[in-house]
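Engineer: Can you keep this structure in mind? I'll have questions shortly.
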Amino acid sequence: MEKDVDINKVVRQHLEMDDFFTGGFAVKGKAHASEPQQQADSAAVAEAAAELEKIADEVRRCCRCGLGSSRTNAVPGEGKANARIMFVGEGPGADEDAQGRPFVGRAGKLLDKVIAAMGLKRSDVFIANILKCRPPENRDPRADEIINCFGYLQRQIEIINPEIIVALGAPAARTLLNTTKPIGQLRGEFHEYYAGLGSPPIKLMPTYHTAYLLRNYSQQNRQRVWEDMKKVLAELGLPIPEQRKK
Ligand code: URA
């Protein structure tokens, strides 16, 4: 049965989120590189983008599990091929399934605000999910689905090689860190994600999923997410935008 929606709460959330998370902040760019270096960099980025597109094509044709036949669209993920930050969620919901793009529903709009509050644009980061297809009725991902799907995300991480992964919510954090600890215990501290034996670990910051934040809407939870994002910015040497006073 559909739950009653408290319209006032929804409106208040939107207004307060705007106030709390929005800011127009400059992002520190990379130091100037020589022209040959710039050419080599842009060739590497183009190659990474082409590799990511290949994975996206595979994902769109994937039928490794039952979700391949129930989905409208697969949602491979999107963003900058050389992003410094990668956000990883659980799996597509109804809006994402309809559009084939990650985080475009209500939780996605809130993620956009978190990213804006960090002084970044959505196009500065890469956004993906553990599962590339929507589980029916948004049920929790099953182990066999995660096992079949996880390889796509692992390859995306290897190609992008972000400096930091932000795991949104327990399923993402637990899968990436191979743990069963609750998100409340994991969040707020950097952990390490190992992309492969030969590569150094990537720093991983677990935080609350924006869908959880919408359901458990409190100043304290928003502040916790903001504290986690401040640690991410500090680790990257990016300026920490001031929070707007309410
Ligand atoms: N929730 C997720 O975990 N991922 C999405 O893409 C959208 C909502």
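Engineer: Counting only Cα, what are the radius of gyration and maximum Cα-Cα distance Dmax of the chain, in Å?
Structural biologist: 18.0, 61
Engineer: Express the Stokes-Einstein translational diffusion coefficient of the stretch 110-202 in µm² s⁻¹, to the nearest whole number, given a Kirkwood radius over alpha-carbon pairs, 20 °C and a viscosity of 1.002 mPa s.
Structural biologist: In µm²/s, the coefficient rounds to 147.
Engineer: Return a whole-number percent for the relative contact order of the chain, with Cα pairs under 8 Å and 6 or more residues apart as the contact set.
Structural biologist: 23 percent
Engineer: On the protein heavy atoms, probe 1.4 angstrom, tell me the percent of accessible surface of the stretch 101-238 carried by carbon and sulfur.
Structural biologist: 50 percent
Engineer: Tell me, in nm to one decimal, what length is gained between Glu51 and Tyr217 on full extension, where the rule is 0.36 nm per residue of separation less the Cα-Cα distance?
Structural biologist: 55.9 nm
Engineer: Over 25 Å between Cα atoms, which of Lys80/Lys181; Lys132/Lys231; Lys132/Lys203; Lys113/Lys203; Lys121/Lys181; Lys181/Lys203 qualify?
Structural biologist: Over 25 Å Cα-Cα: Lys80/Lys181; Lys132/Lys231; Lys121/Lys181.
Engineer: Same structure, new question: Rounded to the nearest 20 Debye, what is the dipole magnitude of the chain about its Cα centre when Lys and Arg each give +1 and Asp and Glu each give -1 at the C-beta?
Structural biologist: Working: 35 positive and 32 negative charges, 114 e Å.
Here the chain has a charge dipole of around 540 debye.
Engineer: Evaluate the relative contact order of the stretch 119-238 (contact order divided by residue number), counting alpha-carbon pairs under 8 angstrom at least 6 apart; express in whole percent.
Structural biologist: 21 percent
Engineer: Please give the length that would be gained between Asn161 and Ala143 if that part of the chain were fully extended, namely 0.36 nm times their separation in residues minus their C-alpha to C-alpha distance (nm, one decimal).
Structural biologist: Residue separation times 0.36 nm, minus the Cα-Cα distance, leaves 3.9 nm.
Engineer: Send over a whole-number figure in Å² for the accessible area per residue of the stretch 49-152, probe 1.4 Å. Intermediate values should be presented prior to the final figure.
Structural biologist: Details: 4380 Å² over 104 residues.
Heavy-atom accessible area per residue stands at 42 Å².
Engineer: Just want the answer: with Cβ charges of +1 for Lys and Arg and -1 for Asp and Glu, which residue in Ala128, Gly66, Gln185 is farthest toward the dipole's positive end in the chain?
Structural biologist: The listed residue farthest towards the positive side: Gln185.
Engineer: Given the -39500 (n - 2.57) contribution per DSSP H run of 4+ residues, what per-residue ellipticity at 222 nm results for the chain, rounded to the nearest 500 deg cm²/dmol? Present the calculation step by step, with values, prior to reporting the outcome.
Structural biologist: Numbers: 10 runs with 118 residues, N = 246.
Using -39500 (n - 2.57) per qualifying helix, the result is -15000 deg cm²/dmol.
The values are calculated or read from the model by the stated rules, or taken from the named source; none is laboratory data. Bear in mind the structure is a predicted one, so any value in this text is a computation, not a measurement. Ideal geometry is used to build each Cβ from the backbone, glycine not excepted, and the neighbour counts take in all protein chains shown. Only protein heavy atoms, including side chains, enter the accessible area calculation; ligands, DNA and RNA are left aside. Shrake-Rupley method; radii C 1.70, N 1.55, O 1.52, S 1.80 Å.
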